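The values are calculated or read from the model by the stated rules, or taken from the named source; none is laboratory data. Quick caveat, the model's predicted, so the values are computed rather than measured. A quick note on method: Cβ atoms are made from the backbone with ideal geometry, for glycine too, and the neighbour counts reach across all protein chains shown. We work out accessible area using only protein heavy atoms, side chains counted, and drop any ligands, DNA or RNA first. Shrake-Rupley method; radii C 1.70, N 1.55, O 1.52, S 1.80 Å.
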Amino acid sequence: MEVIETKINGLFLIKPNIYEDERGYFFESFNQNIFDQRIVEKVNFVQDNQSLSSKNILRGLHFQKPPYGQSKLVSVIKGSVLDVVVDIRKNSYTYGQYVMEELTEFNHHQLYIPVGMAHGFLALEDHTIFSYKCSNFYNKESEDSLLWNDKDLNINWPNINPILSEKDKNAKKFSSFVSPFQ
């Protein structure tokens with residue numbers, strides 16, 4: 001398993017070793033020992049979530065405010081996504097910057113997303129199943145979001161007209177956002 005730190009401190013791209021033969025494939029999707037050795041932050045995952053999305057569904061940029069912030073380990077089970085993570089830790093040297101990775105059912109890549117990040121993804125094909133492990137339980141009162149296409153964030157999304165929830169259409173602009181994360 002290859003664990004690669006991205007330009008955002010604490011955000012890791014994880015590439016598993018995939019063993020394929022005529023029967024199919026095998027890989028470790030999570031190994032606590034490797035995770036503890038490579039990821040500085042100690043994390044205990046307490047909740048697993050899955051979502052199903054059609055092509056051009058965009059979900060995000062979501063986060064939970066303290067004390068209910070969540071670290072996440074995200075991956076795609078079926079289909080593919082453009083996954084975007086924005087650093088919203090106000091004391092971080094990469095505050096307001098983003099990382100975009102393509103996660104697919106074929107590359108089996110994962111992103112480890114620490115607390116203090118806004119997260120979203122665009123489904124690139126129909127019937128995309130997205131999976132995420134969370135370090136804290138969902139708390140409706142602490143959920144929040146940033147506008148996916150905010151000009152200040154300047155995220156290089158593909159030129160499409162995404163399908164959005166009402167919550168995501170009405171998310172906060174980055175210029176008026178006051179981060180609760182250090």
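Could you state how much accessible area Val178 has, in square angstrom rounded to the nearest 10, with a 1.4 Å probe and all protein chains kept in place?
120
What spacing in nm lies between the two simple spin-label points modelled at Lys172 and Thr94, each 7 Å away from Cα in the Cβ direction?
Simple spin-label model gives 2.1 nm for this pair.
Compute the Cα gyration tensor for region 10-96, then decide on rounded, prolate or oblate, letting a ≥ b ≥ c be the square roots of its eigenvalues: rounded whenever a/c is under 1.5, prolate when a/b is larger than b/c in the other cases, and oblate in all that remain.
Taking the square roots of the gyration eigenvalues as a ≥ b ≥ c, region 10-96 is oblate.
Return a whole-number percent for the relative contact order of the chain, with Cα pairs under 8 Å and 6 or more residues apart as the contact set.
Value for the chain: 29 percent.
Would you mind counting up the charge near Asn56? Only other residues with Cβ under 14 Å from its Cβ, with Lys and Arg at +1 and Asp and Glu at -1.
Counting the neighbours of Asn56, the net charge comes to -1.
Out of Ile34, Ile113, Ile160, any idea which swings most in a Gaussian network model of the chain, alpha carbons joined below 10 Å?
Sorting by GNM fluctuation, first place goes to Ile160.
Of the candidates Thr128, Thr94, Thr104, which one comes out as most mobile in a Gaussian network treatment of the chain with C-alpha springs shorter than 10 Å?
Thr94
Do any trypsin sites (Lys or Arg not before Pro) in region 150-182 lie in a loop, going by DSSP, with at most 12 other beta-carbon atoms within 10 Å of their beta carbon, and if so which?
Here the trypsin sites (Lys or Arg not before Pro) that fit, given the DSSP loop and packing criteria, are Lys151, Lys173.
Which one, Thr128, Val85, Pro66, is farthest towards the positive end of the dipole of the chain when Lys and Arg carry +1 and Asp and Glu -1 on their Cβ?
Positive-end residue among those listed: Pro66.
Using only the Cα atoms of region 107-182, build the gyration tensor, take square roots of its eigenvalues as a ≥ b ≥ c, and label the shape rounded, prolate or oblate: rounded if a/c is under 1.5, else prolate if a/b is larger than b/c, else oblate.
Verdict is oblate for region 107-182.
About the Cα centre, and with charges only on the beta carbon of Lys, Arg (+1) and Asp, Glu (-1), how big is the dipole of the chain? Nearest 20 debye, please.
That gives a dipole near 680 debye.
Taking only DSSP H segments of four or more residues, each worth -39500 (n - 2.57), what value at 222 nm results for the chain once the sum is divided by all its residues, to the nearest 500 deg cm²/dmol?
-1500 deg cm²/dmol
Place a label point 7 angstrom from the Cα of Asn149 along the Cα-to-Cβ direction, then list the residues of region 94-117 whose backbone nitrogen is under 20 Å away.
So the set is 98-101.
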